[in-house]
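The values are calculated or read from the model by the stated rules, or taken from the named source; none is laboratory data. From a predicted model like this one, the values you see are computed outputs, not experimental measurements. Ligands, DNA and RNA are stripped out before the accessible areas are found, and what is left, the full protein with its side chains, is counted by its heavy atoms. Shrake-Rupley method; radii C 1.70, N 1.55, O 1.52, S 1.80 Å.
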Amino acid sequence: MTHTTAWPPTGHSAGSDAALVAAAGAGDDAAFRALYRAYVRPVYWLAHSLVGTQVDAEDVTQETFLAAWRKLPGLELAGQSLLPWLVTICRFQCANRIRRQQRDREHTAAGLDETLPATVDVEKQVVDAVLVERVIAEVGTLSALDQQIFRLCAAEGYAYEAAAEQLGVSHGAVRNRLSRIRTQLRSTIEPEGT
C-alpha cells in the first residue's frame with residue numbers, strides 16, 4: 001500500500017461526500033475510488049495506532065473499505081464527512097483482528113511440544129531485546145533528519161521518493177543517507193568478530 005496521496009486529495013471536500021456516497025452506493029466505482037483516496041491515509045494511521053504493525057494495519061484498512069463497499073448501498077450519511085463512519089468500521093475491524101490473533105496465540109501455545117527446552121525461546125528473546133536496544137540507541141545518535149528518514153523508510157516502508165517528498169529533500173539525499181544509516185547500524189549490531 002502506498003501512503004503518498006495528499007489528504008484530502010485535490011478536488012475533494014467533506015461536503016461532497018454525500019454525493020459520492022450516493023453514487024458509490026449505486027455501484028459507481030469512480031465515486032468509491034474517490035472516497036478511498038480521500039480517506040485511506042487517516043484510516044490506515046488509525047488502524048496502525050490500534051494494531052501496531054504495518055502489515056496488520058494494511059490488512060485492516062483493506063477490510064475496512066471492503067466492509068464499507070458492502071454497506072454503502074442505502075447508507076444515509078449522518079454528517080458531511082464519511083470519515084466518522086469509516087473510523088467506526090475500522091475500530092470494529094481492529095478489535096476483530098486483535099481478538100483473532102489472541103485466539104490464534106492461545107491455540108498455538110496449547111499445541112506446543114513441551115519437550116523442547118524453554119531456554120531456547122528465552123535466549124532468543126534476550127538476544128532480540130539486546131539487538132533492539134542497540135538499534136534504538138544507535139538511531140538516537142543520528143541527526144533529526146536521519147532519524148526521520150529511518151522512521152519513514154525502514155519502519156513505515158515509505159519509498160525513497162515518498163520519503164523525500166514528505167521531508168522536503170531530494171530522492172538522492174534520502175537514498176544516500178539511508179544507505180549510510182544502514183551501514184552504521186549493521187556495524188553496531190553485528191557481533192564482534194564477524
Q) Quick one: ranking F65, F32 by accessible area, 1.4 Å probe, largest first, what do you get? A) F32, F65
Q) For S49, S143, what's the largest-to-smallest order of accessible area, 1.4 Å probe? A) S49, S143
Q.
Please list, ordered by chain and number, the residues whose modelled amide H lies under 5 Å from the amide H of Y158; skip anything fewer than 5 residues away on the same chain.
A. C153
(Q) Taking the full set of protein chains and a 1.4 angstrom probe, give the accessible area of R99 in square angstrom, rounded to the nearest 10. (A) 110
Q | Karplus 3J(HN,Hα) series, Hz, for the stretch 162-167 with 6.51 cos²θ - 1.76 cosθ + 1.60 (x for Gly, Pro) | A | 5, 5, 4, 5, 4, 9
Q) In what order, largest first, do Y39, Y160 sit by accessible area if the probe radius is 1.4 Å? A) Y160, Y39
